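**Student:** I have a structure here, written as structure tokens, and I will follow up with some questions on it.
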Amino acid sequence: MKKIKSIEVLAAKIRRWIIEEVYSAKSGHPGGSLSCADFLACVYEKYLNFDSNHPEMIDRDRVVLSKGHCAPALYAVLALKDYFPLNDLKTFRKIDSYLQGHPCMKSIPGVDMSTGSLGQGISAAVGMALASRAEKYDNWIYVILGDGELQEGQVWEAVMCAAHYGLNRLVAFVDLNGLQIDGNTATVMNVGDVAKKFKAFDWNVLSLDGNNVSELDMALDTIHRAKTDKPTVIVGNTIKGKGVSFMQGQYQWHGSTPNQEQYETAVSELDAKINELEKCHE
Amino acid sequence: MSNQVKIATLEAYGKALAELGKDYGFYVLDADLTKSTMTRFFKEDFPERHFNMGIAEGNMMSVAAGIATLGKPCFASTFAVFAAGRGCEQIRNSICYPNLNVKIGATHAGISVGEDGASHQAVEDLGIMRSIPNMHIIQPCDAVSTKMAVKTALENDGPFYLRLGRLTVEPVYEEGNCNFLLGKGIRLREGTDLTIITSGLMVQEVLKASEILKSEGVHCRVIDMHTIKPIDAEIIIKAARDTGRIVTVEESNILCGLGSAVAEVVSQQFPCPIKMIGIKDCFGRSGKPLELLDYYGLTAEKITSEIKSFIE
């Protein structure tokens with residue numbers, strides 16, 4: 001139970017820093033960053049084998065943010081886990097910063113794969129899982145996909161490949177927030193029944209509330225205990241903009257940033273959440 | 001030399017992978033073409049390090065990138081037309097942007113593929129690959145230099161595009177006698193009247209052309225520019241200075257290929273007249289490889305006559 005609270009606190013802090021990053025940059029993608037914060041918090045707080053003092057540790061677990069535009073969420077969790085100073089997050093997307101608009105593994109400690117072009121991250125994760133097994137590493141590879149991203153054909157090439165090679169240490173999280181730049185995924189290009197599609201590709205499938213830390217924790221716990229020869233996907237029903245009242249469920253917040261007034265509202269909501277959680281935590 | 005065994009550079013590539021697989025811990029991917037790209041030799045010897053990706057070249061390039069992040073080089077093989085075409089954006093974003101150790105074995109390059117026709121004849125791949133930052137490009141001309149190219153790609157970090165042919169070719173180099181250095185052209189013939197800079201299976205044609213020209217009193221310097229990126233500016237400038245005229249010959253679109261790379265150096269550092277011989281911005285067609293080389297003006301005889309009209 002204690003662990004669940006600490007995951008919730010981490011998720012709230014990730015959200016708080018996402019807002020700080022996109023507000024400082026006056027640019028970036030808050031909506032989808034906020035929706036995947038709970039999964040990132042869960043993985044980094046409890047499951048991931050990493051060492052921020054030795055980011056190069058070869059047999060570490062890896063996280064690939066295939067929906068690379070949600071870099072603010074990844075950068076926030078990396079800073080909160082001491083890969084680099086929290087204050088650097090305010091340099092996000094600026095000319096002299098190493099925090100590039102989309103994840104760049106060459107300049108940012110803790111970023112396991114450069115992403116940004118949708119569909120490619122999951123293939124890279126498949127490569128990591130294939131080589132990790134061949135090298136006999138005892139590690140896990142996590143990959144985070146957007147639901148709009150599932151429109152990229154390459155995703156399904158990679159999904160087929162992961163099943164073919166029985167990559168049972170590969171865990172995909174689909175951040176099913178139902179929205180993309182041009183509107184609802186259902187009207188832009190319907191991705192349909194995502195769980196059914198993955199099942200048809202012979203993956204283990206877990207469907208849950210992707211903004212519910214307890215459900216995510218239970219799913220990851222199950223995955224880690226399971227004896228399986230298949231890759232696993234967590235289809236997480238999420239809310240785009242989760243945690244900031246006026247951003248929730250609004251596709252317009254995919255790639256727009258708050259003005260000062262909106263920033264202050266968002267920050268006060270998230271600070272209140274963090275205080276509340278930390279109070280119960282004590 | 002003509003009594004020596006002819007071998008395609010792609011076959012030499014397949015055999016080099018298997019041979020070097022003993023000493024170097026790398027991975028190999030293929031896209032349902034293990035018999036054509038000849039990565040099957042490696043697969044037979046090292047099945048645990050060879051993965052067939054099926055007919056999905058885009059996925060293959062990003063999978064190769066993922067493998068390379070674990071610290072070991074990964075070769076990804078398919079026909080050049082699919083490697084540079086279907087895999088282009090994956091090569092750009094998954095491989096070249098993070099500067100990962102992926103080596104692309106692009107076989108069946110150029111029109112000498114033959115009967116399969118234009119859909120399978122890459123003429124644009126050099127242009128595409130040259131314009132992506134961090135990419136290295138090597139186009140070897142025979143079996144010995146192909147093995148050196150594979151070894152060079154393994155011993156140097158970063159992405160490489162190895163442009164390989166299907167047509168069997170005569171040896172240019174003898175085993176143990178090929179001074180192959182990344183980014184350094186090799187002077188094969190000395191001459192003072194002009195310099196011919198070439199690469200891949202055009203090297204053999206150019207050597208024949210230079211013999212014909214020599215018999216007519218025209219003495220050509222011939223350079224095997226096996227590394228197209230980074231290009232050897234030094235050897236090009238010296239050629240411009242010493243011989244005053246340069247001809248480039250390539251089995252590739254005349255736009256953005258070897259000729260362009262040479263012209264970029266010459267025009268900015270030591271201007272001199274240049275003649276570019278290659279595919280004249282058009283698609284290939286079906287036919288036998290040698291018929292196609294003739295059709296597109298890439299035989300020794302046709303190269304000779306082009307050069308003669310250039311220097312007249």
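**Student:** Could you run the Karplus curve 6.51 cos²θ - 1.76 cosθ + 1.60 with θ = phi - 60° over region A:214-225 and give me ³J(HN,Hα) per residue in whole Hz, x for Gly and Pro?
**Tutor:** Computed from phi, the couplings for region A:214-225 are 5, 5, 4, 4, 4, 5, 5, 4, 4, 4, 5, 8 Hz.
**Student:** Let me ask something else about it. Given a cut-off of 28 Å, name the pairs among B:Lys22/B:Lys103; A:Lys199/A:Lys273; A:Lys196/A:Lys227 whose C-alpha atoms lie farther apart than that in the structure shown.
**Tutor:** Over 28 Å Cα-Cα: A:Lys199/A:Lys273.
**Student:** Let me confirm one metric for peptide B:48-55, namely the mean number of other chain beta-carbon atoms within 10 Å of its residues' beta-carbons.
**Tutor:** Other-chain Cβ atoms within 10 Å of each residue's Cβ, averaged: 4.
**Student:** Summing +1 for each Lys or Arg and -1 for each Asp or Glu, what net charge is found among the other residues whose Cβ lies under 9 Å from the Cβ of A:Gly32?
**Tutor:** Spelling it out: positives minus negatives among the neighbours equals +1.
**Student:** Report the net charge of residues surrounding A:Val43, where surrounding means a beta-carbon distance below 11 angstrom and charges are Lys +1, Arg +1, Asp -1, Glu -1.
**Tutor:** Overall, the nearby charge balance is -1.
**Student:** Enumerate the residues in region A:242-259 having an amide nitrogen under 18 Å from the point lying 7 Å beyond the Cα of A:Asn184 toward its Cβ.
**Tutor:** What the label zone holds, given the 18 Å backbone N cut-off, is A:248-254.
**Student:** What percent antiparallel are the DSSP beta bridges of chain B, to the nearest 5?
**Tutor:** 20
**Student:** Separate question: Using θ = phi - 60° and the Karplus curve 6.51 cos²θ - 1.76 cosθ + 1.60, what whole-Hz ³J(HN,Hα) does each residue of region A:20-27 get, with Gly and Pro shown as x?
**Tutor:** So the J values, rounded to whole Hz, are 4, 4, 6, 6, 5, 7, 6, 5.
**Student:** Angle, helix B:300-311 long axis vs. longest principal axis of chain B, Cα atoms, 0 to 90°, nearest 10?
**Tutor:** 50
**Student:** Additional query: Quantify how strongly other chains surround peptide B:87-93 by giving the mean number of their Cβ atoms within 10 Å of each of its Cβ atoms.
**Tutor:** Taking all residues of B:87-93 together, the mean is 3.
**Student:** For the charge dipole of the protein assembly as shown, defined by +1 on Lys and Arg C-beta atoms and -1 on Asp and Glu C-beta atoms about the Cα centroid, which residue among B:Val218, A:Ala12, A:Ala226 has the Cα displaced farthest towards the positive pole?
**Tutor:** With unit charges placed on the Cβ atoms, the residue in question is A:Ala226.
**Student:** For chain B, what is the charge dipole size about the Cα centre, in debye to the nearest 20, if Lys and Arg each add +1 at the Cβ and Asp and Glu each add -1 at the Cβ?
**Tutor:** 320
**Student:** Another question, if that's okay. Please list the non-local residues whose amide H lies under 5 Å from the amide H of A:Val205, H modeled 1.01 Å from N, same-chain partners needing a gap of 5 or more.
**Tutor:** Amide H to amide H, under 5 Å and 5 or more residues apart or across chains, A:Val205 pairs with A:Val233.
**Student:** If you don't mind, another one. Using only the Cα atoms of chain A, what semi-axes does the equivalent ellipsoid have when each is the square root of 5 times a gyration tensor eigenvalue? Give whole Å, largest first.
**Tutor:** 27, 21, 19
**Student:** State, to one decimal in nm, how far the label point of A:Ser52 lies from the label point of A:Leu208, with both points 7 Å from Cα in the Cβ direction.
**Tutor:** 2.4
**Student:** Continuing with the same structure: So what's the net charge close to B:Ser286: Lys and Arg +1, Asp and Glu -1, counting the other residues with Cβ under 15 Å from its Cβ?
**Tutor:** Once all neighbours under 15 Å are counted, the net charge is -1.
**Student:** Something else: So which GluC sites (Glu not before Pro) in region A:15-63 pass both tests, a DSSP loop state and at most 10 other Cβ atoms within 10 Å of the Cβ?
**Tutor:** The qualifying sites are A:Glu56.
**Student:** Sequence-distant or interchain residues sharing an amide H contact under 5 Å with B:Tyr27, placed H: which?
**Tutor:** Close amide H contacts, sequence-distant or interchain: B:Cys74, B:Phe75.
**Student:** Considering only DSSP beta bridges with both partners in the protein assembly as shown, what is the antiparallel share in %, to the nearest 5?
**Tutor:** Restricted to the protein assembly as shown, the bridges split so that about 15 percent are antiparallel.
**Student:** On to the next question. Can you give me the distance in nm between label points at B:Asp294 and B:Asp32, each placed 7 Å from the Cα along the Cα-to-Cβ direction?
**Tutor:** For B:Asp294 paired with B:Asp32, the spin-label model returns 3.5 nm.
**Student:** Rounded to the nearest 20 debye, what is the charge dipole size of chain A about its Cα centre when +1 sits on each Lys and Arg Cβ and -1 on each Asp and Glu Cβ?
**Tutor:** 300
**Student:** Put a dot 7 Å past each Cα toward the Cβ at B:Glu175 and B:Ser215; how far apart are the dots in nm?
**Tutor:** Result: 3.2 nm between the two label points.
**Student:** Hey, got a sec? Which trypsin sites (Lys or Arg not before Pro) in region A:162-260 land in a DSSP loop and have at most 16 other Cβ atoms within 10 Å?
**Tutor:** Taking region A:162-260 and a limit of 16 other Cβ atoms within 10 Å, the loop trypsin sites (Lys or Arg not before Pro) found are A:Lys227.
**Student:** Quote to one decimal, in nm, the extra length available between A:Lys5 and A:Met218 on full extension: 0.36 nm per residue of separation minus the C-alpha distance between them.
**Tutor:** The span from A:Lys5 to A:Met218 would gain 75.3 nm if fully extended.
The numbers here are math on the coordinates, done by the rules we state, and not lab data. All values derive from a computational prediction rather than experimental measurement. Here the Cβ is made from the backbone with ideal geometry for all residues, glycine too, and neighbour counts use every protein chain on show.
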